[in-house]
Amino acid sequence: MRISRPVVGWIPSDRSVDASVEPMLRRSEWVLVLYFTYTALLTIHFSLSFFHRAAAVTIPTLLMLLAYVDSFQPRFATSVVRDWLPAPLILLAYWQLDWFAQPAYLRELERWWLGLDRTILYQYGVQAGVELFGPVIPTILEIAYILVYAIPPLSIAALYLCHRRKQVDAFLFPFLLGVLLCYAQFPFWPSEPPRAVFPGQDMPTFQTPIRVFSLWIVGNYGIHTSVFPSAHVSGAVAAALGMAHLVPRRRLLVSAYFAYAALVAIATIYGRYHYAVDAIAGTAVGCIALPLGTWLSSQGERHS
């Protein structure tokens, strides 16, 4: 029997590989496995408990086990689960970061960042422009900010509806890179959002019901590790670039993604969820994610 050459890392596109050679991880799954392995190492660096270390190792182990089961005995249902599983794992990765929150740190950087924010909000007229039509635009911005958490499932659903299910991994790969490259930095840039560090200062004029709901979410389910770079902005930008790359002919869909990314970036600053430098850095990471993913894919195929 002819045994195909083992593939390390990437799922082959047009070649058949003997599933018994070794378990195969999708590109997006590799990102998750490497990230959670990284956080497992961070638990040692931060001298966390054995429970934290064991919990951190569990996730990449289960991902590799799922990939092995699917490669050994492929089933459509298992494949679909692998499409959707990264969505909840992103939330898990986000909440896990609270393990590395530092109780006290200097706030010089945040004071400097506040000066830049005020220049953008007042001298450049961003706040006045947003509030020009009353609570309408602020409400839209708050909705955009909340919907960041829904980018993965909505994008996967969009690809399904566009009959591009096979490209789900191609979308998730740069998207996860954009988000998790931000998360990976959080423990080393301890910071709190401006609404927490400078309460009552530079806040939006309109306290809409959507904003109250959004503040309730971040107040009860947010983390206190860092806000730099903004993973909200990075994820939105990476998603827009990913969709533009995968479905360039769906111009309305792609335009909606880029418009949405712009709304998220403005919302983070106007709503005082992030500093402007967080949004700028998040945009940079999001822009890097797609070319980085493309380069990593080419390297993986070259060595397969």
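The values are calculated or read from the model by the stated rules, or taken from the named source; none is laboratory data. From a predicted model like this one, the values you see are computed outputs, not experimental measurements. Positions of Cβ are backbone-derived with ideal geometry, glycine not excepted, and every protein chain shown enters the neighbour counts.
Under the condition of being hydrophobic (A, V, I, L, M, F, W, C) and in a loop (DSSP other than H, G, I, E, B), the residues counted in the stretch 62-87 number 1. Scanning the stretch 119-166 for residues that are among the hydroxyl-bearing types (Ser, Thr, Tyr) and either within 26 Å of the chain's Cα centre (by Cα) or within 24 Å of Gly219 (Cα to Cα) (or both) gives Thr139, Tyr145, Tyr149, Ser155, Tyr160. Within the stretch 212-241, the set of residues being under 17 Å from Leu121 (Cβ atoms) and either of a type in the set (Val, Ile, Thr) or at pLDDT below 95 (or both) comprises Val227, Val233.
Of all residues in the stretch 209-220, none are in contact with a Pro (Cβ under 6 Å, 6 or more places away or on another chain) and either under 21 Å from Leu296 (Cα atoms) or hydrophobic (A, V, I, L, M, F, W, C) (or both).
Looking only at the stretch 189-200, decide whether some residue is of a type in the set (Gly, Ala, Ser), more than 23 Å from Pro103 (Cα to Cα) and assigned to a helix (DSSP H, G or I). The answer is no; no qualifying residue exists.
Listed here are the residues, each with its yes/no results for (1) closer than 30 Å to Thr39 by Cβ; (2) at pLDDT 95 or above; (3) not charged (D, E, K, R).
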position: Ala55; (1), (2), (3): yes, no, yes
position: Leu62; (1), (2), (3): yes, no, yes
position: Ile137; (1), (2), (3): no, yes, yes
position: Ala157; (1), (2), (3): yes, yes, yes
position: His163; (1), (2), (3): no, no, yes
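Among the candidates Leu246, Leu252, the residue that is surrounded by fewer than 22 Cβ atoms within 10 Å (Cβ to Cβ), within 18 Å of Ser155 (Cβ to Cβ), out of contact with any Asp or Glu (no Cβ under 9 Å at 6 or more places or on another chain) and without any contact (Cβ under 8 Å) to a residue 40 or more places away in the chain is uniquely Leu252.
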